Every structure is written in structure tokens, then in C-alpha cells.
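The values are calculated or read from the model by the stated rules, or taken from the named source; none is laboratory data. Just so you know, these numbers come straight off a predicted model, no measurement behind them. So basically every Cβ, Gly included, is an ideal-geometry build from the backbone, and we count neighbours across all protein chains shown.
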């Protein structure tokens, strides 16, 4: 069987400086968010994304939502922040008969 590569990376979504007209008079501004994106280099396309409106959350907290995209023979490439034992073991459990 042929393996597919998947790249997983997180990003901080910057707070927008454009506020709704109804909120322009308030001192509070929008908060940033977080995202995790799964990229398939064979398709040259982002095939999945997980968005979180809380910019203070860690990328690791979003990993459970990525498990649905894992398939047998996938090779996952991510930075060390995303290589946590729970995620790795859940991948293994989901693909082991």
C-alpha cells in the first residue's frame, strides 16, 4: 500500500482591527483565535482545518478534532509541539484492528 503524507501545522489568527459599527464605541476589541490545518502536498491543498475562537488555547488542545482525518498508511509531519503521546497513541489505537 502506498502512503500519503500529511502536514499538520498550527497558526494564530490575528485579531481583526475592523470592528462592527455597533461595537466601535466600546473599548474592548476582538480576541485572536487558533487554527490547525492539515495539508496534503499531493493535492497541494489544505484538506482539513480546526478553528478555535480562543486565542489563548494551545494547539495541542485541538488535536482530538484532527483524529477524524487519520487514515491507514498516512505519514504525518508536524512540529514538536504537536507530537504529544495522547495524540500518537490515539492514532495507533484507531488504526489497529
Return yes or no: is residue 45 under 15 Å from the mean Cα position of the chain (by Cα), on the phi < 0 side of the Ramachandran plot and surrounded by 12 or more Cβ atoms within 10 Å (Cβ to Cβ)? no
Against the conditions (1) part of a helix (DSSP H, G or I); (2) within 15 Å of residue 8 (Cβ to Cβ), where does residue 89 fall short? Just the number, please. (2)
Does any residue in segment 69-90 that is under 16 Å from residue 47 (Cβ atoms) come within less than 6 Å, Cβ to Cβ, of a residue that is surrounded by fewer than 11 Cβ atoms within 10 Å (Cβ to Cβ) six or more places away or on a different chain, and which pairs are these? 73/1; 73/3; 75/3
Which residue pairs have Cβ atoms under 6 Å apart, sit 6 or more places apart or on different chains, and have a first residue in segment 1-27 that is more than 19 Å from residue 54 (Cα to Cα) and a second that is modelled with pLDDT of 85 or more and in a loop (DSSP other than H, G, I, E, B)? 5/41
Counting only residues that are more than 13 Å from the chain's Cα centre (by Cα) and in a loop (DSSP other than H, G, I, E, B), which one in segment 71-80 is nearest to residue 36 (Cα to Cα)? 71
Just wondering, is there one or more residues in segment 49-59 that are within 12 Å of residue 7 (Cβ to Cβ) and exposed (fewer than 11 other Cβ atoms within 10 Å of the Cβ)? no
Collect the residues in segment 53-68 that are without any contact (Cβ under 8 Å) to a residue 40 or more places away in the chain and under 15 Å from residue 8 (Cβ atoms), keeping them in residue-number order. 58, 60, 61, 63, 64, 65, 67, 68
